[in-house]
Amino acid sequence: MNKLNLSERDARVLWHPYTQMKIYPKSIAIVEAKGCYLYDEEGKKYLDAISSWWVNIHGHCHPHITEAISKQVASLEQVIFAGFTHQPAVSLAEKLLPLLPARHQRLFLSDNGSTAVEAALKMAIQYFVNQGKPRHKFIAFRDAYHGDTFGSMSVSARSVFTAPFHRILFDVLFVDTPSYENEQNVIVQFKQLLQEYRDEVCAFIYEPLVLGSGGMFMYSASLLQQLLEIAKDAGILCIADEVMTGFGRTGTMFASERCSVYPDIICLSKGITGGFLPLGATTCTEEIFQIFWSDDKSKMLFHGHSYTGNALACAAACASLEVWEKENTRNKIRNISQWNEEFLEKLKPVKAIQNLRSCGTITAMEVCSEKNDYLDPVKERLMKFYLEKGILLRPLGNTIYILPPYCITKEELSMVFDVIANSVSVL
């Protein structure tokens, strides 16, 4: 009989993401979850203030989504999606497409955010190739993060995340990371790149309003609107990476709603299934789809995954969208957005915390630190403090952020902010 606990058994056999296993071999073993809370094998509970890497929007083990998956697993769990289809996938497309802020009429399914971006990049390139006018360059923000597969890494920041692979990533044209202070410079750079590479750029890919893993950088909808107008005038495609910002995070269902010029392609994942199952989605306009619609088989989109259109994941996504209506989720988002503003006011006197900011349900700030990057050792001290206090927060270096599930109460969110205020004692 194995006498080791779950954490000890884990350390012997598993390799965890974004973890230096020699320094941090022991993981916290979670055995149960409900609502905002996670429970470990020793009975301690943690308030999940980052929605388990931004995916669990309605709370853990939501009964409506649990029931939908249970029903689906009894009839169909998976079928090849090339040449076959099923009710959950069709229902998801019919529910999701009308919610998008653009006139998108096609949904391509994959299995996570990175693959949703990969599909978008390939759509953009082949869109021009199929017309006999090949273009292969992308414009992106300098501190962007779009995923960990090679295409998504290529359009992401050249940073510690991608350093081992720089020589084999494809070239991308970068403009400065936007902020409320440098808007005009970003516009000038954007125009210059489009002028210099006019016939080479196929698409502009961006995280609307908030650059997530790069450091929760926030910028205005008016700047994004101007960039989209310039891109459209130049005849290039616009790809909105809403993997993190989608499904309510910035205050509206999709961050792209804040502009009147809409993207040609949208990438979705994370909150799409309510945090239950992995699913990626790439949507596009009918105009893009028609460029692939041909009697020539070589013009099809050569992209797919074994679990494309997984029936269980699609059923979960449908149920998650139903929860939005059943529980008036938009009102919950409005409340959290308001509470964030109130609590940030209380943090202003804390001198060790700076650059307080929020966008919808997302709150972020920096703690004063000399290193000021993702490998900043202050991250580990802060995480240890938060976990001891029963709060799951995972800073990006010295950047602290909160992305709570929408079921969080004002009292619970207040507790998170109080713990953050007290955490300056470990700096």
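The values are calculated or read from the model by the stated rules, or taken from the named source; none is laboratory data. None of these values were measured; they are calculated from a predicted model. In this analysis, Cβ positions are derived from the backbone assuming ideal geometry, glycine residues included, and neighbour counts consider all displayed protein chains. With ligands, DNA and RNA removed, areas are computed over all heavy atoms of the protein, side chains included. Shrake-Rupley method; radii C 1.70, N 1.55, O 1.52, S 1.80 Å.
Here the sum of -39500 (n - 2.57) over DSSP H runs of 4 or more residues, divided by the residues of the chain, equals -10500 deg cm²/dmol at 222 nm, to the nearest 500.
Spin-label model, residue 198 to residue 425: label points 7 Å out along the Cα-to-beta-carbon direction sit 6.3 nm apart. Remark: for residue pairs 22/384; 22/270; 45/332; 270/297; 95/122, the C-alpha separation exceeds 21 Å in 22/270; 45/332; 270/297; 95/122. Select from segment 344-382 those GluC sites (Glu not before Pro) which occupy a DSSP coil region and have at most 12 other Cβ atoms within 10 Å, ordered by residue number. Here the sparse-neighbourhood loop sites are 370. Take every DSSP beta bridge whose two residues both sit in segment 175-290; close to 45 percent of them are antiparallel. Selection among 149, 46, 230 by position relative to the dipole of the chain gives 46 as farthest towards the positive end (Cβ unit charges, Cα centre). Here the simple spin-label model places points 7 Å from the Cα toward Cβ, and for residue 24 and residue 230 these points are separated by 3.8 nm.
By the rule of a C-alpha distance below 19 Å, with chain neighbours fewer than 8 residues away ignored, the lysines paired with residue 3 are 26.
Each Lys or Arg adds one and each Asp or Glu subtracts one; over the other residues with Cβ under 10 Å from the Cβ of residue 207, this totals -3. Under 5 Å from the amide H of residue 106 lie the amide H atoms of 284, each residue being 5 or more positions distant or on a separate chain, with H modelled from the backbone and absent for Pro and chain starts. Think of segment 261-404 as having a plus end and a minus end, set by charges on the Cβ of Lys, Arg, Asp and Glu; of 269, 290, 398, 398 sits farthest toward the positive end of this dipole. Considering only 29, 162, 134, the residue lying farthest towards the positive end of the dipole of the chain is 29, judged by Cα position with unit charges set on Cβ. In order along segment 71-87, the phi-based Karplus estimate (6.51 cos²θ - 1.76 cosθ + 1.60, θ = phi - 60°) of 3J(HN,Hα) comes to 5, 5, 5, 7, 10, 7, 9, 6, 8, 3, 9, 8, x, 10, 8, 7, 4 Hz; Gly and Pro are listed as x. When the solvent-accessible area of the chain is split by element, carbon and sulfur atoms take up 53 percent of it, the probe being 1.4 Å. Residue separation of residue 99 and residue 15 scaled by 0.36 nm, minus their Cα-Cα distance, works out to 26.4 nm of gained length.
Among 303, 146, the order of accessible area from largest down is 303, 146, computed with a 1.4 Å probe on protein heavy atoms. The charge dipole of the chain, taken about its Cα centre with unit charges on the Cβ atoms of Lys, Arg (+1), Asp and Glu (-1) only, comes to about 500 debye. For segment 274-336, the dipole from Cβ point charges (+1 on Lys and Arg, -1 on Asp and Glu) about the Cα centre works out to 320 debye, to the nearest 20.
Springs between Cα atoms under 10 Å define the GNM used for the chain, and in it the highest mean-square fluctuation of 19, 149, 361 occurs at 19. Under a 5 Å amide H cut-off, with hydrogens placed 1.01 Å from N, residue 32 pairs with 39 among residues at least 5 apart or on other chains. Counted over the chain, the DSSP beta bridges are approximately 65% antiparallel.
To the nearest Å, what is the center-to-center distance of segment 36-75 and segment 142-173, using C-alpha atoms only? Each part's Cα centre sits 32 Å from the other's. Across segment 288-296, coupling constants 3J(HN,Hα) worked out from phi with the 6.51/-1.76/1.60 Karplus curve, θ = phi - 60°, read 5, 4, 5, 5, 9, 7, 7, 7, 8 Hz, and Gly and Pro carry x. The 1.4 Å probe gives accessible areas that order 31, 129, largest first, as 31, 129.
Using C-alpha pairs below 8 Å separated by at least 6 residues, the relative contact order for segment 284-396 is 12 percent. A 1.4 Å probe run over segment 307-419, with the rest of the protein chains in place, finds 42 Å² accessible per residue.
Taking chymotrypsin sites (Phe, Trp or Tyr not before Pro) as exposed when DSSP calls them loop (any state but H, G, I, E, B) and at most 13 other Cβ atoms lie within 10 Å, what is the longest stretch of the chain free of them, the sites themselves excluded?
303-427
A crude spin-label estimate for the pair residue 290 and residue 41, with each label 7 Å from Cα along the Cβ direction, gives 5.8 nm. Straight-distance candidates among the aspartates and glutamates for linking to residue 191, with alpha-carbon spacing under 13 Å and chain neighbours fewer than 8 residues away dropped: 176, 183, 229, 233.
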